[in-house]
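**Q** Structure provided below as structure tokens; questions to follow.
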Amino acid sequence: MSTSLAEYYRGVEAATAALASAPATPGARAIAVHDAVQPLLAADGTVPRACHSGCAHCCHFPVGVTFAEASLLADAVAAAPEARARVLDHAVITSQLGWPALVGMPCPFLRDDRSCGVYAARPLPCRALASSDAQACAAAVRGQATVPRDEAAFWRGLGAAATLATAAPAGSRELRSAVAGLLLADPSPEARAEAFLIARAVP
């Protein structure tokens, strides 16, 4: 088994165990998986990390979220008028853009001080992308390089995200579209699930 595949299944195993005892609500399920997987994503000293507070290059890449994560994010900003409005505005602006055109667009949760406004609720793609070179990340946003990532953390996060995406409604959707849909939907579980399903799919 390749190293990347082995790390992927470490993420799957951690997420599966967390979901087995997680509460039924989507947001709580996301929290359970995030908490279980976070130790697997932490720096272990084998790969130097350039990530630090205020470095926000990775906040300019498109992100796919599961229903549980979209629910957690929507709940995090539902009572915050400015953040809610920003998500809805971003969803309208980016709705007609192709996925590659989203590279370079700031995340609606990115604050003016370049910090994350929903850091505790950030989804797995954000948690698992750790870079060893901030300048390379800046170049990647401009399409001139690739992110030199911590491969073990990346694949563990991918496995956990794939596992979380199997929960109904299944799949992943683009962050802005998914969160905006849930914010605008009737609060019933059925309406929120339907809003997620019609949100923009991850290619």
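**Q** Do any residues in segment 47-72 that are touching a residue at least 60 places away in the same chain (Cβ under 8 Å) and within 21 Å of A152 (Cβ to Cβ) have Cβ atoms under 7 Å from those of residues that are of a type in the set (V, I, T) and in a loop (DSSP other than H, G, I, E, B), where the two are at least six apart or on different chains, and which pairs are they?
**A** F61/V103; G64/V202
So that you can scan it fast, the table gives a plain yes or no per residue for (1) surrounded by fewer than 16 Cβ atoms within 10 Å (Cβ to Cβ); (2) in a loop (DSSP other than H, G, I, E, B); (3) at pLDDT 95 or above:
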| residue | (1), (2), (3) |
| --- | --- |
| A161 | no, no, yes |
| A170 | yes, yes, yes |
| V179 | no, no, yes |
| P187 | yes, yes, no |
| E194 | yes, no, yes |
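**Q** Please work out if A43 is crowded, with 20+ Cβ neighbours inside 10 Å and more than 23 Å from L182 (Cα to Cα).
**A** Answer is no for this residue.
**Q** Please determine, by comparing only the residues of segment 182-203 that are of a type outside the set (A, V, I, L, M) and in contact with a Leu (Cβ under 9 Å, 6 or more places away or on another chain), which one is nearest to A128 (Cα to Cα).
**A** Here the residue is F196.
**Q** Sticking with this one: Of everything in segment 1-24, what is of a type in the set (S, T, Y), in contact (Cβ under 8 Å) with a residue 24 or more places away in the chain and farther than 13 Å from E151 by Cα? Give them in sequence order.
**A** Of everything in segment 1-24, those that are of a type in the set (S, T, Y), in contact (Cβ under 8 Å) with a residue 24 or more places away in the chain and farther than 13 Å from E151 by Cα turn out to be Y9, T16.
**Q** Please indicate, with yes or no, whether at least one residue in segment 114-132 is more than 17 Å from the chain's Cα centre (by Cα) and free of Cβ contacts under 8 Å to residues at least 60 places away in the same chain.
**A** No, segment 114-132 contains no residue that is more than 17 Å from the chain's Cα centre (by Cα) and free of Cβ contacts under 8 Å to residues at least 60 places away in the same chain.
**Q** Right, another one. How many residues are within 17 Å of P169 (Cβ to Cβ) and polar (S, T, N, Q) when one looks only at segment 12-29?
**A** So the count comes out to 1.
**Q** Among what's in segment 98-154 and is surrounded by fewer than 13 Cβ atoms within 10 Å (Cβ to Cβ) and aliphatic (A, V, I, L, M), pick the residue that is nearest to P203 (Cα to Cα).
**A** By that ranking, first place goes to A101.
**Q** Here is a check on your reading of the model: is G157 at pLDDT 95 or above and small (G, A, S)?
**A** Answer is yes for this residue.
**Q** Please work out if S71 is touching a Gly at 6+ places or on another chain (Cβ under 8 Å), surrounded by 13 or more Cβ atoms within 10 Å (Cβ to Cβ), within 28 Å of Q135 (Cα to Cα) and of a type in the set (S, T, Y).
**A** So S71 does not fit the description; no.
**Q** Looking only at segment 148-199, which residues are touching a Pro at 6+ places or on another chain (Cβ under 6 Å) and either over 27 Å from D89 (Cβ atoms) or of a type in the set (A, V, I, L, M) (or both)?
**A** The answer is A193, L197.
**Q** Name the helices (runs of 4 or more DSSP H) wholly within segment 41-150 that hold at least 2 residues that are over 30 Å from E190 (Cα atoms)?
**A** By residue number, 134-141.
The values are calculated or read from the model by the stated rules, or taken from the named source; none is laboratory data. All figures in this text were calculated on a predicted structure; none of them were measured in a lab. When we count neighbours, we look across all protein chains shown, and the Cβ atoms used for this are built from the backbone with ideal geometry, even at glycine.
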